[in-house]
Amino acid sequence: MAFSATDAAFEGFRLVRRNPLALVAWTMLNAVVSLAALFSLSSMIGPLEAWTLQAEALDGIDNPSLDQVMDMMAGLGMILAQVAWLLPISMVVGAMLAAAVARGVLKPSGDVFGYLRFGTDEFRVLVVTFVLGLVMSLVAVVGLVAFALLIAATKAAGGGGFAFILGLLGFGVVVGLLIWLSVRLSLAVPMTVAERRFAFFDSFRVTKGRFWPLLGMAILAAVMVLIVQLLSSIVSMPIAIVSGMESWSFGAGQDSEAVMAALDVSNPWVIAQAVVEAIVSALTVGVLYAPFAAAYRDIRGTGVDQGSSGA
C-alpha cells in the first residue's frame with residue numbers, strides 16, 4: 001500500500017498528543033538513567049585524578065617494571081568498571097524506548113505506562129538493533145578498507161593526483177551505501193514489535209521500491225529533531241550555566257572542581273538540567289522513531305487505530 005512520507009514524519013507529535021503520559025513515562029526512565037550516570041561519573045573524579053598522578057609519576061621513570069605497569073592498568077580498569085554498566089543499560093533502555101514508540105503507533109490501545117515494557121519484545125528489539133548495528137559497522141569498515149587499498153595501489157602506480165579524487169569518490173560511495181542500507185533496514189524494529197519475531201532483514205522486502213519516500217520522511221524527522229533541540233536549548237542553556245555544566249563543556253574539563261560541581265547530583269540545578277535533557281531526549285525518541293512505525297503500519301495496511309491518529 002502507498003503511504004504519505006510527509007504524514008508519517010509527524011507521527012511522533014501525534015503520538016505524544018494522543019498520550020501525553022507516554023512522554024512523562026519516557027522522561028522518567030531517561031531521568032533515572034541520567035542521574036544514575038551522573039552519580040557514577042562523579043564518583044570517578046577522585047580515583048581518576050589519583051590514577052593520573054600515578055601515570056605521570058610512572059612516565060618519569062626510565063624503565064618501569066612490569067609490576068608497576070600492570071598495577072597502573074589495573075587501577076584504570078577498576079575506575080572504568082564503575083561506569084561499565086552504562087553501555088548495557090543504555091542499550092536496554094534504548095530497546096525499551098524503541099519498542100514503546102513502535103507499540104504506541106501500532107498498538108495504541110494497549111497502553112499501561114507509556115507503552116513501556118521489559119519483556120520478549122524488548123529483547124528481540126535489542127538483538128535486532130545490535131545485529132544490524134554490527135552489519136552496518138562491518139559494511140563501513142570493509143568499504144573504507146577496500147577504498148584505502150585502492151588508493152594505495154593508485155599512488156603506487158604513480159597516480160597521486162587521481163588518488164585524492166578517488167578517495168573522495170570512495171568516501172561518497174561508502175556513505176551512500178550506508179544511507180541506502182539504513183533506509184532499507186529502517187522498518188526492522190516496528191516489524192519486530194508488530195510481528196513478535198526477530199525481523200533482521202525482512203525490512204528489505206517491505207521497503208522495496210520505497211527508498212526515496214522513506215529517505216524524505218527520515219530527513220523531515222531529523223529536521224524536526226533539530227528544531228526541537230534548538231528550541232529546548234532556550235530553556236536548557238540558562239540552567240546549564242547555573243548548574244556549571246556549560247562552563248565544563250566550554251573548556252573547564254581539566255578543572256576537577258568544575259567537573260565535580262557539574263556532576264554534583266545534590267545540586268538542584270544539576271538535577272533540573274538532567275530532567276530537561278531527559279524531556280528533550282524522550283521527545284526526540286518519539287519524533288525520530290514513530291515515523292518508521294507509521295510507515296510500516298501504512299505500507300502493510302494494518303490500520304491499527306488509524307482513526308485516532310489523524311493529523
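Nothing in this text is a laboratory measurement; each read-out follows from the coordinates by a stated rule. These numbers come from a predicted model, not from an experiment. Cβ atoms come from the backbone with ideal geometry, glycine included; neighbour counts cover every protein chain shown.
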| task | For the range 17-148, just say rounded, prolate or oblate: build the C-alpha gyration tensor, square-root its eigenvalues into a ≥ b ≥ c, call rounded for a/c under 1.5, and beyond that prolate if a/b exceeds b/c, oblate if not. | result | oblate
| query | Is any residue of the range 171-191 close enough, with backbone N under 11 Å, to a label point placed 7 angstrom from the Cα of Phe118 along the Cα-Cβ axis, and if so, which? | reply | none
| request: Rank Ala290, Ala278, Ala81 by mean-square fluctuation in a GNM of the chain with C-alpha springs under 10 angstrom and give only the top-ranked residue. | output: Ala81
| query | Where the centre of each part is set by its Cα atoms, how far does the range 1-46 sit from the range 143-158, in angstrom? | reply | 43
| For the charge dipole of the chain, defined by +1 on Lys and Arg C-beta atoms and -1 on Asp and Glu C-beta atoms about the Cα centroid, which residue among Val193, Leu169, Thr284 has the Cα displaced farthest towards the positive pole? | Val193
| note | Per its Cα gyration tensor (rounded if a/c is under 1.5, else prolate when a/b beats b/c, else oblate), the chain is best filed as oblate
| query | Listing Asp121, Asp71, Asp62, Asp7 from the residue with the fewest other Cβ atoms within 10 Å to the one with the most, what is the order? | reply | Asp62, Asp71, Asp7, Asp121
| message | Within 10 Å of each candidate Cβ there may be at most 16 other Cβ atoms; applying that plus a DSSP loop requirement, which trypsin sites (Lys or Arg not before Pro) in the range 114-199 survive? | response | Arg117, Arg196, Arg197
| said: Nearest 500 deg cm²/dmol is fine: what mean residue ellipticity at 222 nm does the chain get from its DSSP H runs of n ≥ 4 alone, each adding -39,500 (n - 2.57), divided by its residue count? | reply: -26000 deg cm²/dmol
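Tell me the relative contact order for the range 63-208 as a rounded percent, counting alpha carbon contacts under 8 Å between residues six or more apart. Kindly include the intermediate steps, with their values, before the conclusion.
Working: 106 pairs, mean separation 36.8, N = 146.
Reported relative contact order: 25 percent.
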| task | For Gln229 paired with Phe162, estimate the spin-label separation in nm (one decimal), with each label point 7 Å from Cα along the Cα-to-Cβ line. | result | 4.1
| note | Scoring the chain by relative contact order with C-alpha pairs under 8 Å, at least six apart, yields a percentage of 36
